[in-house]
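The values are calculated or read from the model by the stated rules, or taken from the named source; none is laboratory data. Note that the coordinates shown come from a computational prediction; the quantities given were computed from them, not determined experimentally. Every residue, glycine as well, gets a Cβ built from its backbone with ideal geometry; the counts of neighbours run over all protein chains shown. Surface areas here come from the heavy atoms of the whole protein model, side chains and all, with no ligands, DNA or RNA. Shrake-Rupley method; radii C 1.70, N 1.55, O 1.52, S 1.80 Å.
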Amino acid sequence: MSNARILSVAQIADAQEATPELRRQLIDCWIAVTHSGGAAGFPFPPVQDLDVAPIMDKLLSRLHPQHSRLITARVDDVLAGWVVLNRDPYRLVGHWGTVHHLQAHPKFRRRGIGSALMRELRKIARDELGLEQLHLAARGEEGLEDFYSRLGWREVGRWPGALRLAPDDTRDEVLVLLDPL
């Protein structure tokens, strides 16, 4: 018998595809990531269902085949991580997408989940949505610049001191670009 774990990556392009079970798993993952110090949108732990569920519902309601995709990673059918890809509907900026909320559940960190999600996201952006570039903003001083750099992204700017996590902890918001796809 093998101890190998099976990683599968999938996408959801319509709110109707998001089951109540998946919604629950996404919320639980987001809470676990936040409580472990992850930079995934809720900088002030602890958070609860009351904090995360409305944001998750809004995110899921915006899924659309042409404008927003949720990409999930599972290990042996257990949700291990997820990320969102959005495309602006306006023609002026419709050639690029924005990446949001990349996260790997703490139980699955350092196993390539984030990299697998970002590789799949890149493929979907290029091959299915016809995007030419991707943008994201990351919290500085988390080591995320190195992670994204290994995947071909490059830093294109910073908003100095944009993120105040505590009175004595102010960080830059790092602007990162992947171009070409």
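Ranking 109, 150 from most to least accessible surface, computed with a 1.4 Å probe over the protein chains only, gives 150, 109.
Computed extension length for residue 162-residue 36: 43.2 nm, one decimal, from 0.36 nm per residue of separation with the Cα-Cα distance subtracted.
Using a simple spin-label model with pseudo-atoms 7 Å out from Cα toward Cβ, residue 127 and residue 110 lie 3.2 nm apart. Taking the dipole about the Cα centre of segment 43-168, with the C-beta of Lys and Arg at +1 and of Asp and Glu at -1, give me whichever of 117, 53, 160 is farthest to the positive side. In segment 43-168, that residue is 117.
Among residues other than residue 178 with Cβ under 9 Å from its Cβ, the summed charge is +1 (Lys and Arg +1, Asp and Glu -1). In this simple spin-label model, placing a label point 7 Å from the Cα along the Cα-to-Cβ direction at both residue 90 and residue 62 gives a separation of 1.4 nm. What you get for segment 22-181, charging only the Cβ of Lys and Arg (+1) and of Asp and Glu (-1), is a dipole of about 400 debye around the Cα centre. Placing 117, 144 in order of accessible area, with the largest value first and a 1.4 Å probe, yields 144, 117. A crude spin-label estimate for the pair residue 53 and residue 154, with each label 7 Å from Cα along the Cβ direction, gives 4.6 nm. With q set to 0.11 Å⁻¹, the log10 of I(q)/I(0) for the chain, from the Debye formula over equal scatterers at the Cα positions, is -0.47. Across segment 83-164, C-alpha contacts under 8 Å between residues 6 or more apart give a mean separation that, scaled by the residue count, equals a relative contact order of 27 percent. Ranked from largest to smallest solvent-accessible area, with a 1.4 Å probe on the protein heavy atoms, 44, 108 come out as 44, 108. Relative contact order of segment 11-57, taken over Cα pairs closer than 8 Å and 6 or more residues apart, is 31 percent.
About the centre of its Cα atoms, segment 62-143 shows a dipole size close to 120 debye [charges on the beta carbon of Lys, Arg (+1) and Asp, Glu (-1) only; nearest 20 debye].
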